[in-house]
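Bear in mind these aren't lab numbers, they're just calculated from the coordinates by the rules spelled out. Here the structure is a predicted model, which means the values were calculated and not measured. Because the Cβ atoms are built from the backbone with ideal geometry, glycine has one as well, and the counts that use them run over all protein chains shown.
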Amino acid sequence: VSLSYQYEHFKETDLKKVEPSDIELPLVQMICEDVSMLILLKEAMEENGWMVMASSDPEKALSLYYDLQPDCLVIDIDFTEADGFQILEKIQQHNHKQFVPKVILSNENNRHTRIRAYEMGADDFIGKPIDIEEFSVRIKRQLERKHIFDQSVLIDELTKVYNRRFLFDTLERYLKDLERTNSVFSIALLDLDYFKNINDSYGHLIGDKVLEAFADFLKAKLRGSDIVFRYGGEEFVILLPRTNSQEAIDVIDRVLQEFKTIQFHEQGKTFNVSFSAGVFMVDNPALGSQDTLKMADHALYEAKEKGRSRVHG
Ligand code: GH3
Ligand code: MG
Ligand code: MG
Ligand code: MG
């Protein structure tokens, strides 16, 4: 009883201000043939609180790069056998939409090599001998750039929850996991009721405030593992990992019962807001992300049809 109380308490107070991306430490991948330097730089970076994945074998490093999706890649191009630039070239060829800053280290700290590195897409070039302190600061800058990029690409500006683009990425990942590990999940599509009336009565700025408050409320009331996305206008999606249909309906209904009692005060008037939700449990990996959303949308339609302010599964 006391454990579950602590968990309840923790999730309501502490987790709501923490974005998933803040919980994870930055991951730096380093490729370098010189093992003593590799160890030196790895230790320096770990002292900064970053995770470091280091390897001296270019082929292994490449496959690790795709598996781990690091936040920064450091390549020492001074290989005795291989052409270090080829590593950068191969990575650039496979570059999907992800942005990963790449830092080149080399003994050849000359104009020609630097230009070649930048032309091939390097974000920074550090000549040897390496000053550890300067190295740390320069990597830190790259990690900051990566963080800012991820935030701007994945987060909805108004509500600060994840955006639609990240929903589809995440959904694809969940569907792959389902195929591999059989881990079912549920998806909920939430749509605020009569939202147009709020805009019409109080103006769009107040409408925006309600959307922000709703997103904050969802983040505060859901479990840390549930992820909130803004799907569009006044529609939100929640992904509930390892949650069956009935559990998901119960969770979303509990949120609804609490949310609709909140009183918004504006222009001397008081109003309440409710939402309708469609819940769908995903246990068939053959469904694509579009179909998955369609199923949740059908359920939402039912909830609206049956009179709104309710959850339909
Ligand atoms: P119901 O869902 O219950 O059927 O009614 P509704 O009035 O919520 O539905 P409808 O889809 O007709 O209207 C949604 C409104 O949401 C229309 C649009 O102007 C408003 N809206 C969409 N995005 C935003 C936004 O970012 N800010 C504000 N203030 N309003 C928005
Ligand atoms: Mg809508
Ligand atoms: Mg509508
Ligand atoms: Mg609506």
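Computed quantities for the displayed model
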| item | result |
| --- | --- |
| Exposure proxy ranking, count of Cβ atoms within 10 Å, fewest first, for Y66, Y202 | Y66, Y202 |
| Amide proton proximity set for M53, modelled H, under 5 Å, gap of 5+ | V28, Q29, M30 |
| Alpha-carbon Rg with Dmax, taken over the range 230-286, Å | 14.8, 52 |
| Residues Y174, Y301 arranged by fewest to most Cβ contacts within 10 Å | Y301, Y174 |
| Count of lysine pairs in the range 205-313 with Cα separation under 19 Å (8 or more residues apart, or interchain) | 11 |
| Other-chain or far-sequence residues with amide H under 5 Å of S186's (modelled H) | L240, R242, T243, V282 |
| Three principal axis lengths of the range 38-89 [C-alpha, angstrom, descending] | 31, 23, 14 |
| Distant alpha-carbon pairs in the range 107-195 (separation over 15 angstrom), percent | 76 percent |
| Percent of beta bridges antiparallel (DSSP, the chain, rounded to nearest 5) | 55 percent |
| Hits among aspartates and glutamates - C-alpha to C-alpha of K60 under 16 Å, sequence gap 8 or more where chains match | E33, D34, D76, E81, D83, E89 |
| Normalised alpha carbon radius of gyration of the chain [divisor 2.2 N^0.38 Å] | 1.23 |
| Amide H contacts under 5 Å for N109, placed H, 5+ residues apart | K128 |
| Set of lysines with alpha-carbon distance to K128 below 19 Å, sequence-local pairs under 8 removed | K42, K102, K140 |
| Proxy reagent accessibility, fewest Cβ within 10 Å first, across S63, S276, S309 | S63, S309, S276 |
| Global geometry of the range 87-132, whether rounded, prolate or oblate, following the gyration tensor of its Cα atoms and the 1.5 cut on a/c | prolate |
